[in-house]
Every structure is written in structure tokens, then in C-alpha cells.
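Report on the following structure.
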Amino acid sequence: MQPPPQPYEFFGEENGPKWRGLFVPALRKVQQQVHPNLSAKEDSLYYIEELILQLLNKLCIAQPRTVQDVEERVQKTFPHPIDKWAIADAQSAIEKRKRRNPLLLPVDKIHPLLKEVLGYKVDYHVSLYIVAVLEYISADILKLAGNYVFNIRHFEISQQDIKVSMCADKVLMDMFDQDDIGLVSLCEDEPSSSGELNYYDLVRNEIAEERQYLRELNLIIKVFREAFLSNRKLFTPNDIDVIFSNISDIHELTVKLLGLIEDTVEMTDESSPHPLAGSCFEDLAEEQAFDPYETLSQDILSPQFHEHFNNLMAKPAVALHFQSTAEGFKEAVRYVLPRLMLIPVYHCLHYFELLQVSEATLSFSAKNVP
């Protein structure tokens, strides 16, 4: 009886050089496809390469011989709903193969290497299916990281950005080793625009902006604030209040405002050229619903916030707590969280600018209605 084959070491001394950098040029093309207005540091692409090699290892351990075998492995090991989306993309890739190669990742280079990994030759369609799954996941990671980078007003995706953004996606966190990443629902592409916007486009863009802002608030509350709340002995209610102020009130207001704007657009009569989104702001302003922004701005911009935060982070027990949460999470709390807490301040200023622009745009549009 033959002993079982030894597991293939993707990162070992012998095999590592064969794989290292193989995906990077193609991953840059994937990044440019999902976020053409951003760039990516080399280290971020190598990090994604490591992640998808982990997935490749997970798929190959089952010794697949057919497309059906790979599909079953994806269904068993990938969390829902990403399993369905990855399978759909892979099936689409096989169908499009009849006309042209639809993938950016180098199938032709990976196919012969899979013979070494598996110990036997597989049909090209099996390799194509596997690579399509890997490309879907890499695009998803880059899309999520790009949205995060865009939201913190940066223009280049770093390895740290990928780690922090993945800490906000429960689905991706479940897919990989939790030592490497840690949680936010899958993000959409940022809407792009060129030239002058009419009023309706301005409102639609604002809806997209509010949805993205809401995801950022969810990142603060569900990832960072939750990490503080998970240890009531280490962090007092005062610690939570000083660091996060009234972020929950801001979240509640954002949900309400977004709902009002969406309802206004939905109920706008087709004969009316403009959804009166400004009335949503007016109604909330009359209720003094925007007051929480004043409170949060005063809290976060005060010297007491930085002093309290730095004193907390200097405690060994606090550092240990965040280190045990996820790799890189302590650094994310120390360096990213203070910047994230500034986003509501900037977003409040965005509202003032938006109302000025929308008023001018509406006036311009009205003058040009025949």
C-alpha cells in the first residue's frame, strides 16, 4: 500500500520561487479593472497572491479531477453566498472560453504547474475553472480594499489597507485563516462621473455616497467599537464614550436620511424632472436631527480624545487584547481608527457643500428646461 502523497508546499524553499510573483502582473490588471482611479502598492498585490495561493491549496487538497469536483469543493469550503458567486463566475469563464480567454490571471502558466501540485494532469477546463474562482476572489478583495481607500481619501492601496478592509467582511474572514485577516459586506464599485451633473444625477450620486458612508460607519461600530465592547473589564463605559462619542446616533441618522432620499426618488412623479431631495435635509434640520454631528466633532477634535486614546493604547493589556483579536488589528486600532473617526466630521462638511451645489445645479437645470 502506497503512502498518501505529501502535501504540496506553495511557500516552501523548492516550490515558492515557482509561484512567487506569478499572479502579480495580472492582479495589477484586475485592480485597474475594478478601481481604475486608484493604484496598488507592490506589497498589496503580493499579499493578495499569498491569499489566493491559500485558496488554491484548499481546492487542490481534495484532489479534483473534474470541474464538478472543484465545484463541490467550493460549495463545501467557501462561505455563503460567495460560493454561489464564485461558481457562477467560473461557469461563465468556461462558456466564454469558446470565443476568447476571459480571464486576466495566467491560466496557461498555472495549468502545467497544477500537474506538479496534484501529481497528475488535469483537463484544461479544470484549471480554467480553478483560476476563474481565484480571480473572482482577488477582484472582490481589491474592490473592497479600493472602496476603503477611496473613503479615507487615499489613492493607493497598501497591504495594510487590505488587511483592515477585510477585517470588516465576515464572509472573507470566514474564508481565510483568521490569523491573516479579520470583517463589512461586499462592496460595490464606486460610481464614476465626468463632466457636469444634472440634478437627478447629483441625487443618485449622493445615494451612492451615503451607502458607502454607511458601510464606513458599520466598520467603526461593528469592528472597532465591538472590539472594545467585547472586554468590559478592560474598557469602561467612559472609555467607549470618549473614543466613539455618539457614533451610534450618527449611524441612526444616516440610515434615516438615506431612507428618506431613496423614498423621495422612488415616489417622484415621472412628469417631475427633479426629486426634491433637499426637503429631506430640511425636515431633519427642523427636528435638529443633525445636532449629533456637533457633539461628535467637538469630542473627536478635542485634545482630551487624543490624550485618552494614547493613554489607553499605551497599556500592555490593551495591546495584548487587540493583538489577540487578529493579526495587524492592534496597528489598525492605533493608526486607522483615529482617522476613521474623522470621517463623520468631513461628511458633515460634505452636506454643506452638497446643498450649495444642488441648489446651483437645480437652478441651472430649471433654466434649461424647455
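Nothing in this text is a laboratory measurement; each read-out follows from the coordinates by a stated rule. No experiment lies behind these values; they were computed from the predicted model shown. All Cβ positions, even for glycine, are placed from backbone atoms using ideal geometry, and neighbour counts span all protein chains on display.
Each label point was placed 7 Å from the Cα along the Cα-to-Cβ direction; for residue 153 and residue 42 their separation is 3.0 nm. Among 21-31, 128-138, sorting by the average number of other beta carbon atoms lying within 10 angstrom of each residue, highest first, gives 128-138, 21-31. Across the stretch 199-367, how many lysine pairs separated by 8 or more positions, or lying on different chains, have Cα atoms within less than 25 Å? Close lysine pairs under the 25 Å cut-off: 7. Less than 5 angstrom separates the built amide H of residue 157 from those of 39, 40, 41, all sequence-distant by 5 or more or on a different chain.
Within the straight-line cut-off of under 14 Å between alpha carbons, the aspartates and glutamates reachable from residue 29 are 42, 49, 135, 140, sequence neighbours fewer than 8 places apart in one chain being disregarded. In order along the stretch 14-27, phi translates into HN-Hα couplings of 7, 8, x, x, 5, 9, 4, x, 4, 8, 4, x, 5, 5 Hz, rounded to whole numbers, per the Karplus curve 6.51 cos²θ - 1.76 cosθ + 1.60 with θ = phi - 60° and x for Gly and Pro. Of the trypsin sites (Lys or Arg not before Pro) found in the stretch 100-151, those that fall in a DSSP loop while having at most 10 other beta-carbon atoms within 10 Å are 100.
Modelled spin labels at residue 302 and residue 57, positioned 7 Å past Cα toward Cβ, are 4.9 nm from each other.
Per residue, the convex hull spanned by the Cα atoms of the stretch 1-73 amounts to 114 cubic angstrom.
Given their separation in residues at 0.36 nm each and the Cα-Cα distance between them, residue 249 and residue 218 gain 9.9 nm when the chain is fully extended.
In whole percents, the pair-distance distribution calculated for the stretch 239-319 from its alpha-carbon pairs, binned every 10 Å from zero, is 16, 32, 23, 16, 10, 3, 0. Starting from one equal scatterer on each C-alpha and no solvent at all, send me the Debye-based log10 I(q)/I(0) for the stretch 199-367 at q = 0.10, 0.11, 0.16, 0.17 Å⁻¹, two decimals. Here log10 of I(q) over I(0) equals -0.47, -0.55, -0.93, -1.01.
Of 41/163; 84/121; 58/163, which ones are farther than 24 Å apart at the Cα? Check vs 24 Å cut-off fails for 84/121.
For the stretch 20-142, the Kirkwood hydrodynamic radius from C-alpha pairs, put into Stokes-Einstein at 25 °C and a viscosity of 0.890 mPa s, yields a diffusion coefficient of 168 µm² per second. Spacing of the modelled spin labels on residue 231 and residue 266, each 7 Å from Cα toward Cβ, amounts to 4.3 nm.
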